[in-house]
Structures are given as structure tokens and as C-alpha cells.
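Working notes, structure below.
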């Protein structure tokens, strides 16, 4: 017996892939959203059907929704997991606006684009649910990752509004707020940040070089020492299946520390604490 159909975007690796495997193991029929044919072939398996979808492309999302509609044959969707995302890093003072816009297009507009396309199918399901993958960076914004933090703060607000809008129909919207999870997004972020750093003027390196390097080292550490993606997948499963799901799920050791701190610490104190961790000093 199937527990229903679920669409997951960004399922080629990391949290998305872990969600596809975990939910299929629990008895869901999973549409695993990927952008490349090679990833589609790799992720296909029992209860996992690949779904080609680029959340930044209107036509791609519309085609994916039509494929799902044909496959579920009127049953609708039990859930949508908006996981697809990228991380753009670098000092905001020198951030190319095109890169900033790309960050928001994928992480924010992509969430809304996918939600709008799949929501009619969620309404067909029995009290379907939406789970948006945010970040502890949507509560605490670190320096040098301003575009990513901006996107995740936006996802937090979007999700709260959507949850309140859909409440009359019993469609719950939950946020997953991971901290350091051992996924390829860290390596991709480092590579993208290195490219932006290489193309920035010398002034950027002079002003921000030490902090950029500190953030880079932390990202490398997170890629290795972060919690397994399955912990995020388990939180997603709870959000999809619990009688009383939470509105927010903190995942990872650091997220569970930083989340409460963000509520209790005044901004200036948080600023100072982050500066100390990164070795950030006032210029001579």
C-alpha cells in the first residue's frame, strides 16, 4: 500500500536524495526532481520515479507538473518538498547583481513557482502538505553569505504567509532549518565563491580576505563534519506524516544551538559573537 505521492525538487544529491530514499522506504511513491538525465538514471529505483525539473524555468516546472498529473491519475499529491537550492557566497559590497538575482531566482522564486504548479494536485490529495527546506541561515545571517541568507529569510516569510493562507483547507506548510549537513552544497558554494573572489577587484581581497578565508574553512569543515542528510530527511518525514506537525524543524547540532540563541541574544551581542568566531577585527 502506498502512503501517497510526493514530489521532491533538488533530489540529485544531499538532502533531496536522502528524502527520496527515506520517503520511498516509508511507503511513499516519490517523484525525485532532478535537472540532468544522468541523475535521473542514477536515482531511479523502487517507488522512486525521476522527474526532470528546473525550478528556475517556467516551462520545465509546467511540464513536470503535467507529468505528475498524468501519473497520479486523480489521486493528487500527499506532499511537495521544495528542496532545490544553491548557495552564492561573497561580500555584498562586491557581489555581482546577476549572481544575487540568480540566488533569489532559484531559492525563492523557484519555491513559489513549484508550489503554484503543484498546489492544485495537493488540493486533490487528502490533506496534502508542503515542506520547504530553509536553513538556520534563515534565522542567523553570517557575513559573506548574504545572498544565501537573504534567500532563506525570504523562504521563511513566504512559508509563514503560505501556511496561513492554506490553513482553511487543512494544508500544512512546514519549514526545515538545517545547520551543517554533510552535503555537496558546501563544495559547490566554495567553488562559486572562489569564482566570484577571483573576478572581484583587488580592493575586495584587501578589505574582506581574512573573513572570506575563515568562512571558506568553515564551509570545508561543514562538508565533512555536518550531520548526515538522513537527519533532515527524518524531519521531512515527520512534517509529512505527523498528526500534529511542527511549523519549524531545527536539524543539526549547530542549528539547535543557534536557533534559540537568535531568539534570546540582542543583535549587537550576536554581531560580536560571530565576529569573534571568525576572527573579524577592526582595521588598523
Residue pairs, Cβ under 6 Å, 6 or more apart or interchain, first in region 203-226 and farther than 16 Å from residue 191 by Cβ, second loosely packed, with under 13 Cβ neighbours inside 10 Å. List them.
214/279
Residues of region 29-76 being touching a residue at least 40 places away in the same chain (Cβ under 8 Å), part of a loop (DSSP other than H, G, I, E, B) and within 22 Å of the chain's Cα centre (by Cα), in sequence order, are 53, 55, 56
Could you tell me which of the residues 143, 147 is assigned to a helix (DSSP H, G or I), within 24 Å of residue 252 (Cα to Cα), more than 13 Å from the chain's Cα centre (by Cα) and in contact (Cβ under 8 Å) with a residue 24 or more places away in the chain?
147
In region 225-260, which residue that is modelled with pLDDT of 85 or more and part of a loop (DSSP other than H, G, I, E, B) is farthest from residue 174 (Cα to Cα)?
228
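Let's see how each residue does on (1) closer than 29 Å to residue 77 by Cβ; (2) assigned to a loop (DSSP other than H, G, I, E, B); (3) over 20 Å from the mean Cα position of the chain (by Cα):
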residue	(1), (2), (3)
160	yes, no, no
174	yes, no, no
177	yes, no, no
211	no, no, yes
217	no, no, yes
223	no, no, no
Listed by first then second residue, the pairs whose first member lies in region 109-127 and is closer than 13 Å to residue 5 by Cβ, whose partner is surrounded by 21 or more Cβ atoms within 10 Å (Cβ to Cβ) and at pLDDT below 95, with beta carbons under 6 Å and at least 6 positions apart or on separate chains, are 122/128
For residue 260, are the conditions met, namely being surrounded by fewer than 21 Cβ atoms within 10 Å (Cβ to Cβ) and in contact with a strand residue (DSSP E or B) (Cβ under 8 Å, 6 or more places away or on another chain)?
no
So residue 120 clears everything in (1) modelled with pLDDT of 95 or more; (2) assigned to a loop (DSSP other than H, G, I, E, B) except one condition, right? Which one?
(2)
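The values are calculated or read from the model by the stated rules, or taken from the named source; none is laboratory data. It should be emphasised that the depicted structure is a prediction, and the values quoted were computed from it without experimental measurement. Ideal geometry is used to build each Cβ from the backbone, glycine not excepted, and the neighbour counts take in all protein chains shown.
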